[in-house]
1. Suppose we filter Asp38, Asp53 for residues that are open to solvent by less than 50 Å² (accessible area, probe 1.4 Å) and modelled with pLDDT of 80 or more; which single one remains?
2. Out of Leu80, Leu61, I need the residue that is assigned to a helix (DSSP H, G or I), under 18 Å from the mean Cα position of the chain (by Cα), more than 16 Å from Val13 (Cα to Cα) and modelled with pLDDT of 80 or more. Which one?
3. Filter segment 4-35 down to residues that are open to solvent by 90 Å² or more (accessible area, probe 1.4 Å), modelled with pLDDT under 85 and more than 16 Å from Trp58 (Cα to Cα), then give me how many there are.
Amino acid sequence: LGPIAEYAGIIPVAERAMASSNYSCSEGKRLAAKLLPDAAFELLLEAALLCPDNLCVWSDLLLVIRPADAVALLPRVEALEALAENGPWQGGRELSLGRPVRPSADRE
């Protein structure tokens, strides 16, 4: 992917994921999800919670999620948003707060 991935922020996120102490456990759950399709959703959800920067987990999760799973997640999402209101992200979903930002080469 080269420079395009760097500009898109993919490489820094991957580096953060691999630097996480939970990365190997997250990857283990991701691989287990491929072997256990009936438990894939829960395994991938646990993997994403262990290492939120693991983009492969999120990609696999998008492939297995069903509408019923999304409805079941709603209480968890609401609880996390309530926590974010009073937590380090004060105000919700400001994921770039305190993170370095690299401008894009695209002028548009």
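1. On inspection, the qualifying residue turns out to be Asp53.
2. It is Leu61.
3. 2
The values are calculated or read from the model by the stated rules, or taken from the named source; none is laboratory data. Please read all numbers here as calculations on a predicted model, not as lab measurements. To get the accessible areas, we keep the full protein, side chains included, count just its heavy atoms, and leave off ligands, DNA and RNA. Shrake-Rupley method; radii C 1.70, N 1.55, O 1.52, S 1.80 Å.
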